[in-house]
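Worksheet for the structure shown next.
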Amino acid sequence: MDGGGTLRGRALVEALRAPSCYGHACDAVEVVETHLSWVLLTGPFAYKVKKPVDLGFADFSTLAKRRRCCERELALNRRLAPQLYRDVVAVTGSLVAPRVTPLGGPGPALEYAVRMVQFPQYLLAARQLEAGRLTPRHFDALAADVAAFHRAAPRAGSRSRHGAPAAARAAARETFAQLHALPGLEGRRAALDRLERWSEARFPALEGVLRERRREGRVRECHGDLHLGNLVLLDDRLVMFDCIEFNPALRWIDTASETAFTLMDLRRRGAGTLASRFLSAWLEASGDYGALRVLDYFLVYRALVRAKVALIRAAQCGPGTGTRAAAQAEAREYLDLALDFTHPRRPRLVITHGVAGSGKSTAAQALVDGESLVRVRSDVERKRLHGLAPLARSGSPLAGGLYGEAATARSYGALEQRAADILQAGYGVVVDATFLSRAQRAPFAALARRLDCPFRILACTASRAVLRRRIASRTGDPSEASAAVLDAQLRAVEPPEAAESAALMHVNAPARSRPTLKASFPPRSAP
């Protein structure tokens with residue numbers, strides 16, 4: 001602790017409830033407390049004061065350390081939310097009459113704080129989700145933003161210890177040790193032991209994968225704490241804020257671990273459909289389908305981290321209080337969720353079949369949302385193979401360039417490898433491509449037989465007039481299909497033959513209605 005420790009900090013925060021402490025108009029001050037900080041909400045601005053604590057993974061025990069962490073927090077979060085983060089300020093004066101002043105102002109600093117533009121708390125993603133105001137569109141955009149942030153973030157150097165397999169294992173082991181030491185899981189110790197055994201048994205098979213991902217540049221200086229409490233809806237877009245500044249090891253992580261945090265939180269809040277949507281969109285935007293091999297491990301870890309945070313918060317509450325009991329119950333919920341993530345899935349493979357404009361992407365997206373499949377789009381992967389962004393125009397002629405015979409064969413080979421990787425990671429996949437010929441479909445049927453997983457062909461149809469209208473009206477879509485391309489496809493299409501009929505799922509996409517799935521999979525195993 002620093003000086004009078006937490007009691008001194010609480011006294012200072014109580015004194016800062018007075019509106020006269022601030023050099024701007026302020027009618028009242030509300031205090032929000034977390035396990036690491038106090039946030040003073042004044043109306044125009046929010047002031048984040050770090051608690052004088054040392055929890056091992058976060059050390060704010062001296063005033064100098066708290067100032068350094070405030071400055072680091074400001075710099076790191078300006079990467080993500082520059083519109084929110086203003087500056088670092090000092091708290092001067094006395095414990096009974098403090099003043100918030102700019103750095104370097106008169107008098108010694110009693111404390112430091114990060115000053116942010118205040119936003120209404122109902123705009124936090126957690127609250128917006130509860131109110132039913134977040135849509136799949138928000139999570140499509142968030143997935144693209146997270147992938148772009150990861151691409152731009154610095155990658156761990158070869159000499160850095162951050163993100164190494166040993167670091168991932170040490171983080172998991174430390175979390176288990178802390179959970180065992182904290183009160184509040186009475187009657188659930190057997191479940192915690194089971195999770196610890198699962199984590200230890202799972203790690204050896206992942207060690208080489210994690211090492212390879214690090215070599216590929218998948219360990220980046222991430223956000224580190226990307227749950228829904230650290231996302232805010234501004235101008236109808238989810239904005240990331242409040243990243244981890246206090247511990248580089250928790251910030252320099254595999255991007256799969258980062259994404260797992262958001263997925264875990266969505267699942268915990270009962271938003272499984274949005275979780276599937278976010279995962280598939282992030283994989284498509286990043287191209288990092290290999291993340292699925294380590295995702296379950298990180299989902300379990302992230303749920304346990306939140307269980308730990310809830311128990312720390314409970315320990316900071318007074319004994320016998322409703323707040324403490326609620327926090328302990330929350331920790332047990334996270335424990336149950338972690339156990340859910342250890343259950344096996346039965347992967348399934350779906351391919352689409354249909355010409356441009358027949359509704360393949362819409363139907364594939366319905367399987368992402370309704371069946372928790374991962375979508376792989378040929379229009380995106382074909383361009384990725386040639387170093388192009390999804391919305392880039394290749395300028396390829398009809399049946400030439402990216403769409404020539406050799407390039408098309410290469411694209412379908414890449415799609416097959418993507419599907420195999422996803423299935424072997426334990427996830428279901430829908431491959432969104434035209435699959436006009438039997439020769440293109442046959443390898444995927446063989447892949448399903450080889451991996452012993454259910455296989456379906458999603459056959460999409462629409463009238464010629466609807467097809468032409470859809471192609472003519474497309475904007476902001478990776479597809480480069482034109483009316484000439486459509487005519488060529490209609491001449492070349494090979495309908496599924498009798499041997500493929502058992503796998504068919506028919507989708508009729510009339511002009512003014514949403515495609516309706518006419519068949520579905522056998523009952524699903526536990527997620």
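The values are calculated or read from the model by the stated rules, or taken from the named source; none is laboratory data. Since this is a predicted model, take the numbers as computed values, not measurements. Because the Cβ atoms are built from the backbone with ideal geometry, glycine has one as well, and the counts that use them run over all protein chains shown.
Number of residues in the range 324-337 that are surrounded by fewer than 18 Cβ atoms within 10 Å (Cβ to Cβ) and of a type in the set (Asp, Glu) equals 2. Can Val355 be described as touching a Lys or Arg at 6+ places or on another chain (Cβ under 6 Å), under 20 Å from Ser411 (Cβ atoms) and either crowded, with 21+ Cβ neighbours inside 10 Å or not assigned by TED's automatic domain parsing to the domain that holds Arg137 (or both)? So Val355 fails the test.
Take Leu415 and tell me if it is under 30 Å from Arg393 (Cβ atoms), touching a strand residue (DSSP E or B) at 6+ places or on another chain (Cβ under 7 Å) and either part of a helix (DSSP H, G or I) or modelled with pLDDT under 95 (or both). Taking the combined requirement at face value, the residue satisfies it.
For the range 54-64, residues that are without any contact (Cβ under 8 Å) to a residue 40 or more places away in the chain and touching a strand residue (DSSP E or B) at 6+ places or on another chain (Cβ under 9 Å) total 0.
Here is the figure for the range 449-475: residues that are part of a loop (DSSP other than H, G, I, E, B), within 19 Å of Gln424 (Cβ to Cβ) and touching a residue at least 12 places away in the same chain (Cβ under 8 Å) total 2.
Of the set (1) modelled with pLDDT of 95 or more; (2) of a type in the set (A, V, I, L, M); (3) not in a helix (DSSP H, G or I), all apply to Leu398 but (1). When Ala389, Ala407, Ala338, Ala364 are checked against the criterion of being farther than 22 Å from Leu266 by Cβ, in a helix (DSSP H, G or I) and small (Gly, Ala, Ser), a single residue qualifies: Ala407. Please verify whether Val100 is exposed (fewer than 15 other Cβ atoms within 10 Å of the Cβ), in contact with a helix residue (DSSP H, G or I) (Cβ under 7 Å, 6 or more places away or on another chain), farther than 26 Å from Met240 by Cα and of a type in the set (Val, Ile, Thr), treating the condition exactly as stated. When the stated conditions are applied, Val100 does not pass them. Out of everything in the range 282-323 that is in a helix (DSSP H, G or I) and hydroxyl-bearing (Ser, Thr, Tyr), what residue ends up being surrounded by the fewest Cβ atoms within 10 Å (Cβ to Cβ)? Once the filter is applied, the top-ranked residue is Thr323.
Looking across the range 3-31, just one residue is β-branched (Val, Ile, Thr), touching a Leu at 6+ places or on another chain (Cβ under 9 Å) and touching a residue at least 24 places away in the same chain (Cβ under 8 Å), and that is Val13. Of all the residues in the range 494-527, those that are modelled with pLDDT of 50 or more, assigned to a loop (DSSP other than H, G, I, E, B) and surrounded by 15 or more Cβ atoms within 10 Å (Cβ to Cβ) number 3.
For the range 261-279, filtered to residues that are out of contact with any Ser or Thr (no Cβ under 9 Å at 6 or more places or on another chain) and among the small types (Gly, Ala, Ser), the residue that is farthest from Pro136 (Cα to Cα) is Gly270.
Taking the criterion of being farther than 15 Å from Ala256 by Cβ, crowded, with 17+ Cβ neighbours inside 10 Å, touching a residue at least 24 places away in the same chain (Cβ under 8 Å) and of a type outside the set (Gly, Ala, Ser), the residues of the range 189-220 that qualify are Leu192, Leu195, Trp198. Considering the conditions (1) surrounded by 15 or more Cβ atoms within 10 Å (Cβ to Cβ); (2) at pLDDT below 95; (3) among the small types (Gly, Ala, Ser), Gly105 is excluded by exactly one of them, (1). Does Thr135 satisfy being surrounded by 15 or more Cβ atoms within 10 Å (Cβ to Cβ) and among the hydroxyl-bearing types (Ser, Thr, Tyr)? No: the conditions fail for Thr135. Pairing each residue of the range 42-53 that is assigned by TED's automatic domain parsing to the domain that holds Arg66 and among the small types (Gly, Ala, Ser) with any residue that is part of a loop (DSSP other than H, G, I, E, B) and surrounded by fewer than 20 Cβ atoms within 10 Å (Cβ to Cβ), provided the two are 6+ apart or on different chains, yields C-beta distances under 6 Å for Gly43/Cys26; Ala46/Gln118. Among the residues of the range 60-73, is there at least one that is more than 21 Å from the chain's Cα centre (by Cα) and assigned to a strand (DSSP E or B)? No, there is no match, as no residue in the range 60-73 is more than 21 Å from the chain's Cα centre (by Cα) and assigned to a strand (DSSP E or B). Just one of the numbered conditions (1) modelled with pLDDT of 95 or more; (2) farther than 30 Å from Cys317 by Cα; (3) part of a helix (DSSP H, G or I) is not true of Arg133: (3). Do we find that Ala167 is over 19 Å from the mean Cα position of the chain (by Cα), in contact (Cβ under 8 Å) with a residue 60 or more places away in the chain and in the same structural domain as Arg251 (by TED's automatic domain parsing) in this structure? When the stated conditions are applied, Ala167 passes them.
Can you confirm whether Pro19 is in contact with a His (Cβ under 7 Å, 6 or more places away or on another chain) and of a type outside the set (A, V, I, L, M, F, W, C)? Spelling it out, it is not the case that Pro19 is in contact with a His (Cβ under 7 Å, 6 or more places away or on another chain) and of a type outside the set (A, V, I, L, M, F, W, C). Going by the conditions given, is Val31 under 22 Å from Gly229 (Cβ atoms) and surrounded by fewer than 18 Cβ atoms within 10 Å (Cβ to Cβ)? Taking the combined requirement at face value, the residue satisfies it.
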